[in-house]
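Report on one structure; see the data block that follows.
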Amino acid sequence: MWVNNIVKIKEMLYSKSFKKELELIEKLGLQMKNKIFYFGLISILTIVGCSESEKDQALEKTVVSGSTTIGQINDQRIIAAESEPGNWLSHGRTYEENRFSPLTQINKENVSQLSLAWYKDMGTNRAQESTPIVVDGIMFLTSSWSKVFAIDAVSGETVWSFDPEVPGEVARKSCCDVVNRGVAVYNGKVYFGSLDGRLFALNAENGEKVWEVNTIEDSDRFYTITGAPRVAKGKVFIGNGGAEFGVRGYVTAYDTETGEQVWRFYTVPGDPSLGFEDPIMEVAASTWKGSNWWEFGGGGTVWNSIVYDPDFNNLYLGVGNGSPWTREIRSPGGGDNLFLSSIVAVDVDTGVYKWHYQTTPGDNWDFTAVQDMALVEMNIDGVDRKVLLQAPKNGFFYVIDREDGKLLRANPFATVTWASHVDLETGRPVENPDMDYSEEAKWVLPGPLGAHNWQAMSVDAKSGMVYLPAQDNPLIYSLADEYRKTGIYKRNPGRANLGLEFGRITQLFLDNIDDWPTPKGYLKAFNPLTGEESWSIEIPHYWNGGVVATEGGLVFQGDALGMFTAYDKDSGEQLWQFNTYTSMLAPPITYMIDGVQYVSILTGTGGGDLFSGEPLDPVQKPASLNYNNSGRLLVFKLNGTQEYPQPNLRNRDIPQQLLTNVSNSDMKKGEILYHDFCAGCHGLVARSGGVIPDLRLVAHTDDTFELIVLDGILSSNGMSSFSDVVTQEETKLIHNYVRARAEQDRLVALGEIASGEERLTWQDLDD
């Protein structure tokens, strides 16, 4: 252990140009063969050569590093994370969350020698989205269903695991799969949130539960947690998901030692008749219109990005979309609807509001601002500024002054049709009136999956270049048919309330197919100050993984086709590739132990793209469709020797269906019901993307189908009962639609009818 301590302090000393002094002490230490004396002299020199604040940090770090307890991370250690580049101490590696590694052992010249060191089956076929934390040889990460693992980062052996035992039926309460994006490690504890809204603190050494709190304030609403908590100054911070189901967003700070609530900041106002929690909520309420907007919950959940800024003692909250999505229903009469789709700065100690910047005022498209935020220093217009960078869903890349929230730049990084530009004087986007879907359906770019979603970007602070997974992925937006006909929209508990028409989305798609913008994915090297791309690579499928860039000149990314790739950071040239046979969303990380650099990534897709299902041509089919969606942890090093299993192609033969004589009217009803209740997981037109079971591939009897849908016999697997929202008769209608859809596709596969002649929708048929 003492050797490790010396190595860490040496790194810090070299960074502060104490090379001569260090060489002298090394000679003395070797001569005396006294490791205590050696360690003491280095510690003294460290303190003597530092400022007052640095002295404290050095002392703290000495104590922490010398502990035998696993996971001893504190504020000072994360602030000084650059002094131990081999570790990955926090969600974005450092508090700045740039996800850029200074490691260089794996570089452009030798990356061709990169090969598998070890892999670990994580026991899941659902999406994995976690960013692992690596500290002092141990990797901490989460998997689907909020399970937590501590793993030896060299050997892959499990140190411990913890299962919060999330009830399977909670899957229905999650808009976007049973995912979790990671843990926080702090003062010997591992913190994580579970899908059912609990926050845990575990002993980092053995995985035993230290405390547990319920973060949900209204159990009648579908709150979840999918994001990674953040830690700073003795507090752990967490937000929730659930905007689609009508919740009210907030972020809560808890004491890291006791789990007691320290403060809570609401991101949207509640019922005005009950009073406001603080003055800023009263201000926010003035930007909402209508007589009952709070009954919809409001939305504004902080389900992903929370960033601590020690420079200003700020906590930045990335706030999500409204509930419902469409503002005409949510806030009739207009209004900006603060703090939807905003970046909000609050005091880290008190949770008191400081400033905000709203990326999409009056959000009408599910344009969340929860995407990752990075903190850098840039010279802008001749002035050195501490800025925040974000590429949210709406397609504009924002550069914002961290001191006061002033907008400095807003350049498009993908195809944007909903707005022409962002006015830098007002800070507001200039909306395109041609994209108004209040009267007729419109294709809009980006769609609700965003020009950039949660998949992490990487920022090279030295060059100012950002490496960004982007996409052009549209949606056909149309107001809910119920609202169009009646002017009334009722909140339906237990189901998503979006305000858009999804029941007839297949017909809307076909009616507007000539204008369909083909979905595309990209990996881009983007300059946020100029809006220029240094290079851009088109990815065969839009739904791809996060990235990490390194000082070794590399950018790593996993994609939907199962390829884990290293690109030249400067040119975008592909330098290395490994076929994982599984689609990937999770961002890679890199770390170093005992002089060996490793690169790690989790495999397994899903998340928000479950609704899209099997892609239409010319979008290439993802690996999750062709093979099993195998959830694994892969770790690579130079000249690794681990063999990797090659799976067999998945059998996707559709069995012959037992069809019943059903009227066109009933088929229409079944199609609408399916897309309202089932497509969010099982995919459009009953064609799964390979993660959730494809209902066409099984020939359920009516009785079995009802046992699953109404009685919930598969609840433990995530298929909860829907008996509260669909009747027995409606269940039969859904089943008839699925069987007819399956039989059409079966006949196409057999060549008995030509592709393109199958009926995708029954909405255009008369009885």
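Quick one: P(r) of region 308-439 from all Cα-Cα pairs, 10 Å bins, percents rounded to integers, in order of increasing distance.
12, 43, 33, 10, 1
Mean shadow of region 253-293, computed from the convex hull of its alpha carbons, in nm²?
3.5
Can you work out the Karplus-derived ³J(HN,Hα) for every residue in region 79-93? Use 6.51 cos²θ - 1.76 cosθ + 1.60 with θ = phi - 60°, whole Hz, and x for glycine or proline.
So the J values, rounded to whole Hz, are 4, 9, 4, 5, 7, 9, x, x, 8, 10, 8, 9, 3, x, 6.
Counting other Cβ atoms within 10 Å, which GluC sites (Glu not before Pro) in region 627-711 have at most 12 and lie in a DSSP loop?
Numbers: sites: E643, E671, E706; in loops: E643.
Passing sites in region 627-711 are E643.
Please list 596-602, 314-320, 711-717, 151-157 highest first by mean number of surrounding beta-carbon atoms within 10 Å per residue.
Working: 596-602: 24.7, 314-320: 28.4, 711-717: 14.0, 151-157: 16.7.
Top of the packing list down: 314-320, 596-602, 151-157, 711-717.
List the residues of region 584-619 whose backbone N lies under 20 Å from a point placed 7 Å from the Cα of V748 along the Cα-to-Cβ direction.
610-619
Using the Kirkwood radius over C-alpha pairs as Rh, can you work out the diffusion coefficient of region 556-612 via Stokes-Einstein at 37 °C, viscosity 0.692 mPa s, in µm² per second? Could you put the intermediate results ahead of the total?
Values: Rh = 12.6 Å.
It diffuses with D of about 261 µm²/s by this estimate.
Using the basic label-point model (7 angstrom from Cα toward the beta carbon), what is the E277 to D568 distance in nanometres?
The two pseudo-label positions are separated by 5.1 nm.
Please rank M584, M719, M373, fewest neighbouring Cβ atoms within 10 Å first, as an exposure proxy.
Least to most surrounded, the residues fall as M719, M373, M584.
Using a 10 Å cut-off around each Cβ, can you sort Y581, Y467 from fewest to most neighbouring Cβ atoms? Working shown, then result.
Details: Y581 22, Y467 27.
Fewest-to-most ranking of Y581, Y467: Y581, Y467.
Name the residues whose placed amide hydrogens come within less than 5 Å of the amide hydrogen of R409, ignoring near sequence neighbours (fewer than 5 apart) on the same chain.
V399
Filter the trypsin sites (Lys or Arg not before Pro) in region 358-462 to those in DSSP coil with at most 16 other Cβ atoms within 10 Å of their Cβ, and list the result.
Qualifying residues, ordered by number: K406, K462.
Could you give the radius of gyration (one decimal) and Dmax (whole number) of the Cα atoms in region 653-726, in Å?
Using the Cα atoms of region 653-726, the pair Rg, Dmax is 12.5, 35 Å.
If each residue of separation counts as 0.36 nm, what is the full-extension length gain between T426 and T104 once their alpha-carbon separation is subtracted? Walk me through the intermediate numbers first.
Numbers: separation 322, 0.36 × 322 = 115.92 nm, distance 4.30 nm.
Contour length minus the Cα-Cα distance gives 111.6 nm.
Restricting the count to DSSP beta bridges whose residues both fall in the chain, what percent are antiparallel, rounded to a multiple of 5?
95
Points 7 angstrom from Cα along the Cβ direction at R650 and S219: gap in nanometres?
That separation, rounded to one decimal, is 3.7 nm.
Calculate the length of the line joining the C-alpha centroid of region 701-767 to that of region 521-567, in whole Å.
38
Full-extension gain between E532 and E440, please, as 0.36 nm times their residue separation minus the C-alpha to C-alpha distance.
Extra length available between E532 and E440 comes to 29.7 nm.
Might you report the magnitude of the Cβ-based charge dipole of region 664-750 about its Cα centre, with Lys and Arg at +1 and Asp and Glu at -1, to the nearest 20 debye?
Values: 8 positive and 13 negative charges, 78 e Å.
About 380 debye.
I'd like the FRET efficiency for T69 and E643, computed as 1/(1 + (r/R0)^6) with the beta carbon distance as r and R0 of 25 Å, rounded to 0.05.
Efficiency, from the Cβ-Cβ distance: 0.10.
Would you kindly calculate the translational diffusion coefficient of region 200-345, applying Stokes-Einstein with the Kirkwood radius from alpha carbon pairs, for 37 °C and a viscosity of 0.692 mPa s, and quote it in µm² s⁻¹ without decimals? Provide the component values of the computation, followed by the final result.
Working: Rh = 15.9 Å.
Here the translational diffusion coefficient equals 206 µm²/s.
In Å, what Kirkwood hydrodynamic radius results for the chain from the alpha-carbon pair distances?
26.9
All of the numbers you see were taken from the coordinates with simple rules; none came from a lab. A quick note: this is a predicted structure, and the numbers were derived from the prediction, not measured. Using ideal geometry, Cβ is built from the backbone for each residue, glycine included, and neighbour counts are taken over all protein chains shown.
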